[in-house]
Each structure stands twice: as C-alpha cells, then as structure tokens.
1. When only residues in region 1-53 that are polar (S, T, N, Q) and within 21 Å of Ala126 (Cβ to Cβ) count, which is surrounded by the fewest Cβ atoms within 10 Å (Cβ to Cβ)?
2. Just to verify a result, which residue in region 274-289, among those that are aliphatic (A, V, I, L, M) and in contact with a Lys or Arg (Cβ under 9 Å, 6 or more places away or on another chain), is modelled with the lowest pLDDT?
3. Please give the helices (runs of 4 or more DSSP H) falling wholly within region 439-527 in which 2 or more residues are more than 35 Å from the chain's Cα centre (by Cα) and more than 16 Å from His563 (Cβ to Cβ).
4. Scan Ala81, Ala85, Ala114 and give me the residue that is without any contact (Cβ under 8 Å) to a residue 24 or more places away in the chain and within 14 Å of Ala42 (Cβ to Cβ).
5. Any chance you could count how many residues in region 141-197 are at positive phi and among the aliphatic types (A, V, I, L, M)?
6. Name the single residue, out of those in region 218-236 being loosely packed, with under 15 Cβ neighbours inside 10 Å and part of a helix (DSSP H, G or I), that is farthest from the chain's Cα centre (by Cα).
7. Among the residues of region 179-203 satisfying the criterion of being under 24 Å from Asn19 (Cα atoms) and in contact (Cβ under 8 Å) with a residue 40 or more places away in the chain, which is surrounded by the most Cβ atoms within 10 Å (Cβ to Cβ)?
8. Kindly indicate whether any position in region 54-63 is within 23 Å of Asp125 (Cα to Cα), surrounded by 22 or more Cβ atoms within 10 Å (Cβ to Cβ) and of a type outside the set (Gly, Ala, Ser).
Amino acid sequence: MADHAQLQLRQAWEQSYLNPLRARDLGRSVAEMTDANLAHAAEGWLHVALAEVRVGDLQVANAALLKARAGYLALRAEDCAAATAATGLALCDEVQAIALRRQHDHAGAARLQAELDQREGVQRDAMHRFLGHNSRAITAKLLGDPDAALRHFYAASDAAGQTGWDGPRLTALSNLGGYHHDLYNLDDARLLSEQALAAARAAGARQIVATSASNLIIIYHACGEAERAHKMGEFMQTHAHELPPGALTRHALPLALARLNAGDVAAALRLLEAGAISGVADGDGITSWAWLKARCLLATGDAAGARAVAESTLQQRRDRGLLDQPYDLMELHKALADACAQTGDTRAALACMREVYARHEQLVGRSARARYLALDVNHQLAAAQRERDLALVSQRTAEDDRQRLAELNRALQAQIEETEKLHTQLRDQALNDPLTGLHNRRYLFEVAPGVLDLARRQSLQVCVVLIDLDHFKLLNDTFGHQAGDLVLQRFSNLLKQMLRRSDVVCRYGGEEFVAVMPDIDGDNAQALLLRLLEAFQALPPEPGRRRTPNGSFSAGIALFPRHGNTLEQLLSRADRALYAAKHLGRARIEQVPRTGFGTLS
C-alpha cells in the first residue's frame, strides 16, 4: 500500500502543472487513505493545496495547507524524517506565497520567498526548483521588477527541462511567451506562445492551451494582425473541449479583443460584461478591461462614455496604487485621446497622446532590454549546463582539454561580440524615433552642441530650423491616427532625401521636426526648405489607401551665432519665426527678422 501511495504522489507531481484537478484528486486520495503514513498524508494535502491555490478555491487551499503543515511539523520531531519535514515545510511556504499573491499581498509573498531562499536543510529537486523559480518570477513581475522576473522565468524553464515532465516544461514555455509580450518583445513572445500552444494541444494540457491561445490574441493584436487575433478567438470558442471548465469566462477579455478585431462590437461588449463579473475589476486586468470597453464605446459612437470609463479607471489605479503593464496603459491613454478628440477637448487629447508616446518609448526600451537579458540568461544557463556535464566526466586527455578550451574561447568571443552588438542596438533604439526612423530629441541635444562648437571654432554659420506640419491635428481627427502616422513617415522620408548628409535631422516631438544645418546661410537654407515644401505638397496619394489632402508645413529659421550661442536660444528664436509663418497663413518659411542687436547672451 505504501508503494501504491508513493506512485500516486509521483503521478500527482507529474500532473500538477499539466492537469491540476487530476493532481488534486490524486493527492486527496492518498491523504484520506486510512493506513497512509504521516509523510504521505502530508504530501497528499500539499497537492490539494497547490492545485486549489492555483486554479480553485482559496479557502479550500488554506484548509489543506494547514493539514499538510501539521503533518510535516509532526514529522520534524522524528530524527529520521527531519530532512523530509524541512523540505515539506518549505513547499508549504511556497504554496503560502502563491496564496498571498492571490490576496494581492505581493510584498508579503516576496518577503516569504526571500526567507525561503536563506533557509538551510531544504533538499530541492528539479520540480521544487521549478515551482520556486516560477513563483518568484510571477512575484517579481507583479512588483514591477522585469529583470528579476525574466531571470526567474528562464531558471524555471531550465529546471522544468530537468524534471522530464510535460507540465512544467509547457508552463515555463507559456509563461515566457506571455512575459515577453509584457516586455513588448513581440517576436519572441509570438514564437514562444505558438510553440507552447502546439505542444500543449499535443499533450492535452488544457490550462496551457487556454493561456497560450489567450496570450496569442493579445500578441497578434499588438502586432497589428487583426485577422489572426480574430481567428485565435474563434479557435478558443470552437475548441472549448480542449480548454478547462470555465476557461471562456476566465479569458473573457482576450476573447472580447478577438471579437473587437472582427468588428463584432456587440459580442465584445457581452464578453466584457462576463469579464467584469469574473473579477477583473478587483485589480487584475482592470486596465485592459477599461481600454477594451472604451474602444467598444468609441465604435458605437459613445465618445463621452468611453472617456468616462478611461478616466475613472486611471483615477482608480491612482487611488489604489495598482500596477499595470505599460502596454495596457498605452492602449488606455490612446483610447482616451481618441475619446477626448471626439468630444472636442483637444487639450486633453494632446496630453493623452504625450502619455502614449512616453509609454511607447518605455516599451521600446523594455523590449531591447528583454532581448539582451534573454541572451545573457541563456548564456549563463548554457554555462551551468556545461559545468554539470563536466562534473560527470572523470578523465580527459590533454588534447580533449585543449579542444574544449578552444571551443569555450570561441563561444566567449561570440558572446562578447553579441553583447557589443546588443549594446549598439540599445543605444540606437534610445536615440532613434521608432515611427519615422529619424533621430529623436535626445540625439538632437547630444549632437547639436558639438556642431555649434565646431562652427564657432571655424567661424562658420549654422542654421537651426524648426518645422511644424500644418493642420496635423485636423488630419488625425478626420482620417485617424494611422493616416497621421503615414504622413509623418512620408514627410520624414522626404527630409532624408532632400536635406544634406551633413544636416542633423530629428523628430522633435509630435508633428514637429528640427534640422541643424552647418555651413549654410539663411537665404540658402530657406531656398532648400522651399523646394522641400513644394515636394511635400506635390506628393502623390499612397496606392490603395483612402485619399488624404496634400500636406504642407511651416518653418522658422534661426542663424548661429547671430541669433544665439546655444541650441536652446536658437530653438527659441526659430520658434518665434515659425509662429510668424503660421500667423502669415502657413505653408511658408520665415527667417528670424534682421535687427540691430548682436548675438544673444
């Protein structure tokens, strides 16, 4: 009978992350055996607690956890079972940390896990390490520590591979895919989630099928692939037999997003109501629920309702100190910007769009950081694997050692080159505007002072030009932000083609651009900009797109050193000239007026 109980407990561990309800039933069966020994009964109740705390009733989980803890405490008094008791109590505390997270006590979960990491006398096998790293990754994610979260997710993946079981391996793969989306690393997120979905279907892992499919709806939407997002939602609804009971209700938000991508607003709204009832409004998922609700209301023409939903959610987040992913905040501010614009509040719409740009820049930085960390962690895990392999080898010949050293040196050199390449990519992403491909404001303020210093030493003139696209707000309101983005991209391409290679051209913000043009006077700069204006006004419509009116711009030119010694002074003077160009009717270029005063101090 003891051997039978031991077999059932092993099966429970194997099923714990593949079919949690099956693991729970196996654990309860062992715990309630009349002749079960103390260690087996405690481990049985531990399985009940682990399953219930993850996918079931928190009260049932706490009751089972008390029984498991009591059994291990009783074991601790027996000298021969001290190690088993220490390991069992550590596992009880791992489950307790998950329970604290479900009660939104993320800091309490982190404190308990930190104490567990320092505890001595605990024997951690591969499954125990997987459970611990996976749980710490989720805690770090909820506390807003992406570096720690990503490292723990990869460590969990390494431990899952060592278990030899599908459940931990598929869970680690699915979690990595979902978290790379949180970090806006969409390429890796899509690849990992698609792999997790295919493998989970083959293994019959219903919970992971549901999670991976839901993640893919959101990832496809973030990639702009509306049709694929819609089809993934249809897959979930037509393959409900492959999902766990109640999954369609628990995953109402991504399913609503799938329907919204298909243009079925009424169905999306019904799913959002199911999502609200299922508990997302308690804090987990409130921001994603709100931006989806606002998008649905905008689609029905209720801009005021959309604005109310978005603003009340943002206020609720501030009041309750909730943490959300930057992607959801970006989408919520984007929906709020559209709602404000449609209700005529242009000032509020502009403020929201500034938030959108800020969140987008944050996401781009997180994406680059995530890729760098993924490479770094994989390198460290590979090194650890090599160390484990080396520990199994008792003897090597000198020639083998030399060959291995050469291979390690080549791998190290390749890693150094890859790291240098990543550093270069990270700097490029920090200094470039992702929409237009031009340099950004940060690059301008890093490079332009050097251009001015060189001109000062060589007694050369420099023109600083501030350009603003005319009626851009009206274009966005009339034709939508996608049309506005296209105009920004086409104008940026003209800037690259028509301005000189020596000119520093940057997107200053929104529809404003700055060009720092060395070794040119105001008249020649004005002539060049007039040619640029004519080319912009004559651009043919984009093939296959809705026709938008021809664009124009206004520009102001300030001259160094006549109008200022610093970039800030020159930009201020160019801004005044730009204002004059706007006042005189737009679609024109104005220089700072020639006056009797000299260089500004």
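The values are calculated or read from the model by the stated rules, or taken from the named source; none is laboratory data. Quick caveat, the model's predicted, so the values are computed rather than measured. Note that we place each Cβ from the backbone using ideal geometry, even for glycine, and neighbour counts take in every protein chain shown.
1. The first filter runs over region 1-53 and keeps only residues polar (S, T, N, Q), leaving 6, 8, 11, 15-16, 19, 29, 34, 37.
Checking which are within 21 Å of Ala126 (Cβ to Cβ) leaves us with 6, 8, 11, 15-16, 19.
On the way: Gln6: 14, Gln8: 19, Gln11: 16, Gln15: 23, Ser16: 26, Asn19: 20.
Top of the filtered list is Gln6.
2. As a first pass, look at region 274-289 and keep what is aliphatic (A, V, I, L, M): 274, 276-277, 280-281, 286.
Add one more test, that the residue is in contact with a Lys or Arg (Cβ under 9 Å, 6 or more places away or on another chain), and what stays is 276, 286.
Numbers: Ala276: 58, Ile286: 84.
Restricting to residues being aliphatic (A, V, I, L, M) and in contact with a Lys or Arg (Cβ under 9 Å, 6 or more places away or on another chain), the top hit is Ala276.
3. Numbers: elements: 441-458, 472-479, 481-498.
Filter on region 439-527 gives 441-458.
4. On the way: Ala81 fails: without any contact (Cβ under 8 Å) to a residue 24 or more places away in the chain; Ala114 fails: within 14 Å of Ala42 (Cβ to Cβ).
Going through Ala81, Ala85, Ala114 in turn, just one is without any contact (Cβ under 8 Å) to a residue 24 or more places away in the chain and within 14 Å of Ala42 (Cβ to Cβ): Ala85.
5. If we filter region 141-197 for residues that are at positive phi, which is where we start, we get 144, 164, 184.
Retained after the next criterion (residues that are among the aliphatic types (A, V, I, L, M)): none.
Selection size over region 141-197: 0.
6. Looking only at region 218-236, we keep the residues that are loosely packed, with under 15 Cβ neighbours inside 10 Å, and these are 224, 227, 234.
With the extra rule that they be part of a helix (DSSP H, G or I), the set shrinks to 227, 234.
Numbers: Glu227: 22, Glu234: 25 Å.
Looking at the filtered set, the residue picked out is Glu234.
7. Tyr179
8. Checked against the condition, which is being within 23 Å of Asp125 (Cα to Cα), surrounded by 22 or more Cβ atoms within 10 Å (Cβ to Cβ) and of a type outside the set (Gly, Ala, Ser), region 54-63 yields no hits at all.
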